[in-house]
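The values are calculated or read from the model by the stated rules, or taken from the named source; none is laboratory data. None of the values given here were measured: they were computed from a predicted structure. Positions of Cβ are backbone-derived with ideal geometry, glycine not excepted, and every protein chain shown enters the neighbour counts.
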Amino acid sequence: MTQTRWLTDEQQSAWRALITMSGTLQAVLDRQLQHTSGMPHAYYLVLAMLSEAEGRSLRMSELAGLLNASASRTSHAVARLEEAGWVRRERHPTDGRGYVAVLTDVGFDVLVAAAPGHVEAVHAGVFDPLRPDQVELLRVIALAISAGLEAVDQRQRALPRTGPVVPDECGS
């Protein structure tokens, strides 16, 4: 049996700061978008990813990957955006089994209207408190943590499931 590598006091402090910052970031961006644009941050991200894609469309599975979300969560978000007329779903042009999400002109206009407030919140909350050298450090640290998390995720996916299965109330 492997010995548990407990966090040092310094690591524990950094870990708690990261978790708090991550949760606060998501909550603040979500509230800002809800208040100014009537949409949650998750829907803004769907619109943004589609706006940056060629033809403003992405295969549903590719969109889910970019959002780091499950297929069902992505499908639910796209369905809600379809109801608003901001996105439409179409059969994949070369693979009749798959679907693509397409950003409509109305959805693009909604994104363009929401973007200035969102970008200002990102500037004020993330970049304004940092010095220019810290912005580069943030990028380097974020990429390193993302790579480490991806490696952990790949190892976890390769292992058989152990322990009880608890229903996921978050839907992910």
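Numerical summary
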{"quantity": "Number of the condition not met by Val100 [criteria: (1) within 18 Å of Gln34 (Cα to Cα); (2) in contact with a Ser or Thr (Cβ under 9 Å, 6 or more places away or on another chain); (3) of a type in the set (A, V, I, L, M)]", "calculated": "(1)"}
{"quantity": "Single condition Asp95 does not satisfy, out of (1) assigned by TED's automatic domain parsing to the domain that holds Ala69; (2) outside any loop (DSSP other than H, G, I, E, B)", "calculated": "(2)"}
{"quantity": "Residues satisfying the stated conditions in the range 57-83, i.e. out of contact with any helix residue (DSSP H, G or I) (no Cβ under 8 Å at 6 or more places or on another chain) and closer than 16 Å to His41 by Cβ", "calculated": "Asn68, His76"}
{"quantity": "Check on Thr20, assigned to a helix (DSSP H, G or I), of a type in the set (Val, Ile, Thr) and surrounded by 11 or more Cβ atoms within 10 Å (Cβ to Cβ)", "calculated": "no"}
{"quantity": "Top-ranked residue in the range 101-116 [being part of a helix (DSSP H, G or I) and touching a strand residue (DSSP E or B) at 6+ places or on another chain (Cβ under 8 Å); ranked as nearest to Leu81 (Cα to Cα)]", "calculated": "Gly107"}
{"quantity": "Conditions (1) under 16 Å from the mean Cα position of the chain (by Cα); (2) assigned by TED's automatic domain parsing to the domain that holds His123; (3) hydroxyl-bearing (Ser, Thr, Tyr): number failed by Ser22", "calculated": "(2)"}
{"quantity": "Val140 vs. criteria without any contact (Cβ under 8 Å) to a residue 60 or more places away in the chain, touching a His at 6+ places or on another chain (Cβ under 9 Å) and farther than 14 Å from Leu45 by Cα", "calculated": "no"}
{"quantity": "Candidates Arg88, Arg131, Arg139, Arg80 - the one that is touching a Ser or Thr at 6+ places or on another chain (Cβ under 9 Å), at pLDDT 95 or above and charged (D, E, K, R)", "calculated": "Arg88"}
{"quantity": "Selection within the range 29-73 - crowded, with 17+ Cβ neighbours inside 10 Å, under 16 Å from Arg88 (Cα atoms) and not aliphatic (A, V, I, L, M)", "calculated": "Tyr43, Tyr44, Arg56, Ser57"}
{"quantity": "Every residue from the range 91-103 that is surrounded by fewer than 18 Cβ atoms within 10 Å (Cβ to Cβ) and either small (Gly, Ala, Ser) or farther than 13 Å from Leu63 by Cβ (or both)", "calculated": "Arg91, Pro93, Thr94, Asp95, Gly96, Arg97, Gly98"}
{"quantity": "Total residues in the range 87-96, condition among the hydrophobic types (A, V, I, L, M, F, W, C) and without any contact (Cβ under 8 Å) to a residue 40 or more places away in the chain", "calculated": "0"}
